[in-house]
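The values are calculated or read from the model by the stated rules, or taken from the named source; none is laboratory data. Worth saying up front: this structure is predicted, and the values here are computed from it rather than measured. A quick note on method: Cβ atoms are made from the backbone with ideal geometry, for glycine too, and the neighbour counts reach across all protein chains shown. SASA here: full protein model, heavy atoms, side chains in, ligands and nucleic acids out. Shrake-Rupley method; radii C 1.70, N 1.55, O 1.52, S 1.80 Å.
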Amino acid sequence: MDPTVPHAARRYDYWLGGKDNFAADRESGDAVAAAYPAIRTTVIENRRFMQRATRHLTEQAGIRQFLDIGTGIPTSPNMHEVAQGVAPESRVVYVDNDPIVLAHARALLTSAPEGATAYVDADLRDPDRILGHPDLRATLDLTRPIALMLVAILHFLPDGDDPYGVTRRLVEALPSGSYLVISHATTDLVPRHIAATAAPSAATSMIDMAFRTRDQFASFFDGLELIPPGISPLTEWRPDDPPEQRTPTAQASMFAAVARKP
C-alpha cells in the first residue's frame, strides 16, 4: 500500500465523510469535485441505489446469495446488513483489492448467525481468481442463483482492461436465475460544459475513469433480461422518495440497471 498514490476506495470514503483516507486521496477527490461539485451527492445516491437493488432482489426475487466486487470501505448499512435484514439466511461475499478495505472488512463485516459473509482479496480484472477462491466456494453455492453486484466499479476499467469480457466471464459462471446489478458513471446526464471537464478532471485526479454512454452501458447486459425500469438514471431506479424529493439526475450522473440471467 502506497499512501502517496490515491485509491478509489479511499477517495470514495473521503467523499462520504469517512476518516480512512490519506492526503493523496483527498487531493484526488478535491480535483474531481472542483470540476464536478455534485460528486459527493453522487456517491451517496450510489449507495442508496445499492441498498434499493439489494432489498428488491431479496424481497421480490428471492435471492439469498450476493457477490459484491469492488466493495469499498464498509459504510453501514452494508450490503449484507440490507440483505440479512430481509432474509437472515442470506450469504454475501465481498471482493476488493485494497489492504485498508481488507482490514475493515475483517473487523466490521460480521454476519447474522443464520447467514454468512466472507471477504476475498482479489481484483475485478482477474475473474478466474475470484470465482475459484476457496472462501467464495465455501460461502456461495454456484449452482443456485447469485446476484453479481458491480456497483460503481466498472468505470475504473478502461476498454484496454476488457470490462465487457470480465463481466461476461463472471456472468457465465452463474446459473440461470442469477442477476447482474451495475451502476456506472456517465456524462450523458450532465450539461455539456460539465461533461467537457470530466476526462481532464479524471486525469488530474490520477485515477482513470471511463465515462460511458447509455449504449455502452447497455452492452454490459447483452443476453440478459433487464427488469423494470430497465436502464435508468441512478436516482430513478425504483426510487423510495416521491418525485419532488428526489435528487436531480444531473446531480448524480450515473446509469443503473438490474438484469436477470435467463
Please tell me if F211 is under 24 Å from R10 (Cβ atoms), modelled with pLDDT of 85 or more and touching a strand residue (DSSP E or B) at 6+ places or on another chain (Cβ under 6 Å). yes
Give the residue, chosen from V82, V93, V86, V101, that is modelled with pLDDT under 90 and within 21 Å of N46 (Cβ to Cβ). V101
Test V101 against the criterion of being under 19 Å from L150 (Cα atoms) and either open to solvent by less than 40 Å² (accessible area, probe 1.4 Å) or outside any loop (DSSP other than H, G, I, E, B) (or both), and give yes or no. yes
Of all residues in region 64-83, which are assigned to a helix (DSSP H, G or I), surrounded by fewer than 24 Cβ atoms within 10 Å (Cβ to Cβ) and not aliphatic (A, V, I, L, M)? E81
Consider A250 against the criteria (1) in contact with a helix residue (DSSP H, G or I) (Cβ under 6 Å, 6 or more places away or on another chain); (2) surrounded by fewer than 21 Cβ atoms within 10 Å (Cβ to Cβ); (3) at pLDDT below 85: it satisfies all of them except one. Which criterion is unmet? (1)
Checked region 115-134 for anything open to solvent by 20 Å² or more (accessible area, probe 1.4 Å), in a helix (DSSP H, G or I) and either of a type in the set (A, V, I, L, M) or closer than 19 Å to S178 by Cβ (or both); matches are D128, G132
Every residue in region 1-51 that is open to solvent by 20 Å² or more (accessible area, probe 1.4 Å), closer than 17 Å to L234 by Cβ and among the charged types (D, E, K, R), please. R40, R47, R48
Regarding region 186-203, can at least one residue be identified that is in contact with a helix residue (DSSP H, G or I) (Cβ under 6 Å, 6 or more places away or on another chain), under 20 Å from H7 (Cα atoms) and at pLDDT below 85? yes
Going through region 135-180 in order, the residues found to be in a helix (DSSP H, G or I), more than 23 Å from A256 (Cβ to Cβ) and touching a strand residue (DSSP E or B) at 6+ places or on another chain (Cβ under 6 Å) are D135, L136, T139
